[in-house]
Structures are given as C-alpha cells and as structure tokens.
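Q: Right, I'll just put the structure down here and ask away after.
Values quoted throughout were computed directly from the atomic coordinates according to the rules given, and no laboratory measurement underlies them. All figures in this text were calculated on a predicted structure; none of them were measured in a lab. All Cβ positions, glycine included, derive from the backbone under ideal geometry; neighbour counts span all protein chains shown.
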Amino acid sequence: MFTGLVDDVGLIEHVADTPAGRELRIASRYTDLTDGESIAVNGACLTVREHGVRADGQGWFTVAAITTTLGRTTIGDWVGGGQVNLERAMRLGDRLGGHLVLGHVDGLGHVLDTRDRGDAWLIDVELPTAMRPLLVDKGSITINGVSLTVNELLPTGAQLSIIEYTRRHTTLGLLAAGAAVHVEADVLAKHIERLLTPYLRATGAPSLAAALTELKV
C-alpha cells in the first residue's frame, strides 16, 4: 500500500524483454532496497527483483512487468532515458500525507490540455467511462502514482490543479496534450460501487455508471 506521495523520480536505464516479463532497470536514490520489496513505478505496484549501488553512490533496481500488467499500463511503451515517479510501500506508523493508494492501475487516462493559471498548473484528463462515477469534486485520484485532488469534474473526466512543488518533484510537469497516464480511483469509491452493483442490477442497471447516466447525474 502507498500514499501517493512521490519521493523520487527514477531514470529508466535499460529495458529488455526477458522470461520474467518486460524488465526495467531504474536508477534512483534508494540504496537500501530488499529483494521482493514492493515499489510503485508511475503508480503501478511492481516487485524489486535485483538492486544495488554503483561506485558513485547511485542506487539502482530492476522490476519486471508481465503480460497482464503490460495490457493495463503504458509500461510496454517505456524506453531507456524516460523518467518515472517512484514511491516505496508505506510502513505502519508512517504519516498518511496523501490518500490510501494500492498501486493498482484501474485504467488509462489521456491528457486533453495543460495550462498555467496563476500559481497553479491545470491538467485536464479524459478518463475511462466506467471510472467517471467514482470521482467527486475535491475527492482523491491518483495520476501516474501521484495523489491529487479533483479540482473540477469535467464531462469526460477531471481537471487537476498542480502546485509548483509537485510539478518540480514529479514527472507531471512533463505531461502534454495527448499523453496517456495511469489512473487509480479512490479505493473507498470502488468498494461502494462493488457493494451497490447487485442492487443496481436488480433494478435493471448493469453498473453504477449506467444508473447515474440514466439519472443524468
């Protein structure tokens, strides 16, 4: 489990297709990783396979994405030289500065527009239809592993307002129109939808999204 507070931006040094899946070697500031540790890479929870420290003190680790993960994320498009948001799994007793993030990518969003507005940087993101009912104004959402607040609900997604600190300390500042991003909805909203689904189906609605569409919510 994670909090969505990115604490390092890693550099992809090498990408290769291996028997374990699509393997990535990532340089980071982490020098005390352990084998089998969970780490969120752009919001996708992956397992540390190997790790070490170079002579210059720079840490590195490898992770592998299997077919299922590749089909639900943008990892298959990543190449050497790219940057990724990193967060190690939280420990009991840690401050929960963001919100509870599982590291499970629910779908891919697409950036519609980015623009400066005073001291904030706005990002408009189009989201998968099934995910839109899980959002509320000022609620939580995770984009590429970053815990964010929905600034405004849009007809096809959400607007995000990025502060200067987040823009400097994550890869969100590199986003531009057309970019695909990993999206994880708030876990509480997903559980509520799951619990309500049988009752919605009993009334003829196949999903919460369909029910809300019918009600024009």
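Q: In degrees between 0 and 90, to the nearest 10, how far off the longest principal axis of the chain does helix 187-202 point, with axes built from Cα atoms?
A: 40
Q: In what sequence, highest mean first, do 194-200, 139-145, 82-88 appear when ranked by Cβ atoms within 10 angstrom?
A: 139-145, 82-88, 194-200
Q: Over the chain, what is the relative contact order in percent, taking alpha-carbon pairs closer than 8 angstrom and at least six residues apart?
A: 22
Q: Does anything in the range 165-197 have its amide N under 17 Å from the 7 Å Cα→Cβ label point of ASP77, and if so which residues?
A: 171-184
Q: Taking Cα atoms of the chain, Rg/Rh with Kirkwood Rh, to two decimals?
A: Ratio of gyration radius to Kirkwood radius: 0.99.
Q: Let me see the P(r) profile for the range 52-140: every Cα-Cα distance counted, bins of 10 Å, each bin given as a percent of all pairs.
A: Calculated over all Cα pairs of the range 52-140, the distribution is 10, 30, 38, 19, 3 percent.
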